[in-house]
Amino acid sequence: MTRQNPLSAAYRPGQFDISFEIFPPKTAEGDGALWNSVAPLAAFRPTFISCTYGAGGSTRGRTLELCEQITRRFDVPATAHFTCLGGTVDELREWLTWAGQHGVRNIMALRGDAPAGQADWKQVEGGLSYANELVALIRGEFPQFGIGVAGYPEKHPQAPSLEVDITNLKRKVDAGADAIFTQLFYVNDAFYRFRDRCERAGIRIPIVPGLMPILNFAQIQRITSLCGAELPADLSRRLSEVQDDKDAQFEIGVDFAAEQSLDLRKHGAPGIHFYVLNRSTACERILGALGLSPLVGV
Ligand SMILES: Cc1cc2nc3c(=O)[nH]c(=O)nc-3n(C[C@H](O)[C@H](O)[C@H](O)COP(=O)(O)OP(=O)(O)OC[C@H]3O[C@@H](n4cnc5c(N)ncnc54)[C@H](O)[C@@H]3O)c2cc1C
């Protein structure tokens, strides 16, 4: 069956598609900074801009509000992240219907995580347990949406092995996902090995690398220790040598991400999904290094 949605139409051979991921700010000041950053990024005409969904549904409405604004203000397709843990299937259907009414074009279909520190937390009765079940629900009942799913070049922290994790990733593909967006990584070889293994497992949809430019060392140490991504020793050493100088850390981060991006494009990546952390400057410079320019007057 041929599907037409912003994801199925993207990542064609010879194309290099970029997308940006933002998160809902918690303050009015954060909102102002967000829109100041989205405006210059939107001028690069990305395939989409996505907005994350707060753990445990904490941004249920906010995610959709921001998606609606992305579409209305910038005429860029919006992707809403959505997690299935913690809701009944009827509640999931209700939110997906609402997403359609807010002009959302794609859903990043995720499982999410149990609330931190709640070891006795139980999935609700009548809910879903894994992202492949959410993909099946969307594909069956909301065929208008493009569907993105998460992939983990260095393995999902809870998976017993990369092989098992890729078998589970294939379930999401078989359920109808259009594209895979990876967890952030700083070792491109990990991505290339993952892509090869996915290929051998029969995964044939685009695998889009997810990159998070390093804005500061302490923050990236926290993030990589949570998600299990390796920080190369040489990069770590260079960042620790300038640990009292945020500007120098930023410069190292931008240069590293620019090199990573150029290498990924050279090795046939279909595009890049940037975790922009609601700040545009690093991405603008990396896109410049890739030879991409913003459209003037957007
Ligand atoms: C691009 C991207 C965007 C994200 N956005 C958000 C966000 O907005 N909000 C948020 O809260 N989190 C977000 N996350 C984090 C994500 O919710 C967590 O990583 C979560 O722990 C797993 O979600 P998943 O969709 O990969 O789950 P799944 O694909 O369901 O996998 C979870 C684990 O279960 C295993 N598994 C999968 N299916 C099965 C099965 N059928 N049977 C047995 N085992 C199985 C997998 O191997 C894996 O270990 C994002 C992650 C990425 C990479």
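Numbers for the structure displayed
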| read-out | value |
| --- | --- |
| Test: residue in the stretch 184-196 that is within 10 Å of the ligand (Cβ to nearest atom) and either more than 18 Å from the chain's Cα centre (by Cα) or surrounded by fewer than 14 Cβ atoms within 10 Å (Cβ to Cβ) (or both) | no |
| Check on VAL104, within 14 Å of the ligand (Cβ to nearest atom), of a type in the set (Val, Ile, Thr), crowded, with 17+ Cβ neighbours inside 10 Å and in a loop (DSSP other than H, G, I, E, B) | yes |
| Hits in the stretch 8-51 - residues which are in contact (Cβ under 8 Å) with a residue 12 or more places away in the chain, over 13 Å from VAL76 (Cα atoms) and in a loop (DSSP other than H, G, I, E, B) | SER8, ALA10, TYR11, GLN15, PHE16, PHE23, PRO24, PRO25 |
| Within the stretch 202-298, helices (runs of 4 or more DSSP H) holding 1 or more residues that are in contact (Cβ under 8 Å) with a residue 40 or more places away in the chain, in contact with a Leu (Cβ under 8 Å, 6 or more places away or on another chain) and among the hydrophobic types (A, V, I, L, M, F, W, C) | 217-227, 246-266, 281-289 |
| Search result, residues across the stretch 134-158 that are surrounded by fewer than 21 Cβ atoms within 10 Å (Cβ to Cβ), within 24 Å of GLY100 (Cβ to Cβ) and more than 7 Å from the ligand (Cβ to nearest atom) | ALA136, LEU137, ARG139, GLY140, GLU141, PHE142, PRO143, GLN144 |
| Residues of the stretch 159-174 classified as within 20 Å of the chain's Cα centre (by Cα), within 7 Å of the ligand (Cβ to nearest atom) and over 17 Å from ILE138 (Cβ atoms), total | 3 |
| Single residue of the stretch 52-90 satisfying the filter (outside any helix (DSSP H, G or I) and touching a helix residue (DSSP H, G or I) at 6+ places or on another chain (Cβ under 6 Å)) that is nearest to the ligand (Cβ to nearest atom) | TYR53 |
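Every number in this text was worked out from the coordinates using simple rules, so none of it is lab data. These numbers come from a predicted model, not from an experiment. Positions of Cβ are backbone-derived with ideal geometry, glycine not excepted, and every protein chain shown enters the neighbour counts.
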